[in-house]
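Engineer: The following block contains the structure, expressed as structure tokens.
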Amino acid sequence: MKQKKDWVILSHLRKDARKSLVKLSNETGIPASTIYDRVNTHEKGIIKRYTALLDFNKMGFYGRVYVAIKLNDSKKRDELFNFLREHKSVNSLYRINFGYHLLFEAIFKDVAEADSFIADVQHRFGINEHQIFNVIEEIKKEDFLTENASP
């Protein structure tokens, strides 16, 4: 992305992807046709999808955890990766470094349900080492590039 217009358009979309192109045009001074063309181009490249950010606590999900896992058996690691990728409670899944192999974020009704899930994963896949981080409070999320500035 070379044009400042692209950064401005994308930062507005990051803040509110439901904003109309006309409103976006009025706020930025960029013609709506240009915005349409740039968004269309980026939808084929850097825009992965449009989504809604949800308040899981207000929906009754109070058990939110991040778990870092170390698993030396590469066959089991691939099985675990596929298991987590398909599990309905796993919200995000990453390959990581610094001694751990993957990190996942999972969301449950309560901490007991989260603990039960983690114990099942440990038993099923023979986890060598793991670290669990319970989310107490979400302070900031999905805020990178939501202001009109390039990184």
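Engineer: Within the stretch 87-96, identify whether any single residue is surrounded by fewer than 16 Cβ atoms within 10 Å (Cβ to Cβ), in contact (Cβ under 8 Å) with a residue 24 or more places away in the chain and among the β-branched types (V, I, T), and answer yes or no.
Structural biologist: Yes: one or more hits.
Engineer: Can you give me the number of residues within the stretch 33-51 that are over 15 Å from R18 (Cβ atoms), free of Cβ contacts under 8 Å to residues at least 24 places away in the same chain and in a loop (DSSP other than H, G, I, E, B)?
Structural biologist: 3
Engineer: Separate question: Given the residues A112, A106, A68, which is the only one that is in contact with a Phe, Trp or Tyr (Cβ under 6 Å, 6 or more places away or on another chain) and not aromatic (F, W, Y)? Step through it out loud before you land on a result.
Structural biologist: On the way: A112 fails: in contact with a Phe, Trp or Tyr (Cβ under 6 Å, 6 or more places away or on another chain); A106 fails: in contact with a Phe, Trp or Tyr (Cβ under 6 Å, 6 or more places away or on another chain).
Just a single option satisfies the conditions, and that option is A68.
Engineer: So which of G99, G63 is more than 27 Å from E147 (Cβ to Cβ) and modelled with pLDDT of 95 or more? Write out each step before concluding.
Structural biologist: Numbers: G99 fails: modelled with pLDDT of 95 or more.
That would be G63, the only listed residue that is more than 27 Å from E147 (Cβ to Cβ) and modelled with pLDDT of 95 or more.
Engineer: Please name all residue pairs, on different chains or six or more residues apart, with Cβ atoms under 8 Å, provided the first residue is in the stretch 119-141 and is at positive phi and the second residue is part of a loop (DSSP other than H, G, I, E, B) and surrounded by 11 or more Cβ atoms within 10 Å (Cβ to Cβ).
Structural biologist: Note: pairs meeting the criteria are G126/L71; G126/D73.
Residues checked against (1) farther than 27 Å from R14 by Cβ; (2) exposed (fewer than 12 other Cβ atoms within 10 Å of the Cβ); (3) at pLDDT 95 or above:
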site	(1), (2), (3)
M59	no, yes, yes
N82	yes, yes, yes
E105	no, no, yes
A112	yes, yes, yes
N128	yes, no, no
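Engineer: Can I ask one more? Among the residues of the stretch 57-75, are any in the same structural domain as I127 (by TED's automatic domain parsing), closer than 21 Å to E142 by Cβ and assigned to a loop (DSSP other than H, G, I, E, B)?
Structural biologist: Within the stretch 57-75, one or more residues are in the same structural domain as I127 (by TED's automatic domain parsing), closer than 21 Å to E142 by Cβ and assigned to a loop (DSSP other than H, G, I, E, B).
Engineer: List the number of the failed condition for I118; all other conditions in (1) out of contact with any His (no Cβ under 9 Å at 6 or more places or on another chain); (2) at pLDDT 95 or above; (3) β-branched (V, I, T) hold.
Structural biologist: (1)
Engineer: Out of all the residues in the stretch 20-35, which are surrounded by 14 or more Cβ atoms within 10 Å (Cβ to Cβ) and not polar (S, T, N, Q)? Even if it seems obvious, please write down each step before you answer.
Structural biologist: Of all residues in the stretch 20-35, those surrounded by 14 or more Cβ atoms within 10 Å (Cβ to Cβ) come to 21, 24-25, 28, 30, 32, 34-35.
Across the stretch 20-35, the qualifying residues are L21, L24, I30, A32, I35.
The values are calculated or read from the model by the stated rules, or taken from the named source; none is laboratory data. Values in this document were obtained by computation on a predicted structure and should not be read as measured data. Ideal geometry is used to build each Cβ from the backbone, glycine not excepted, and the neighbour counts take in all protein chains shown.
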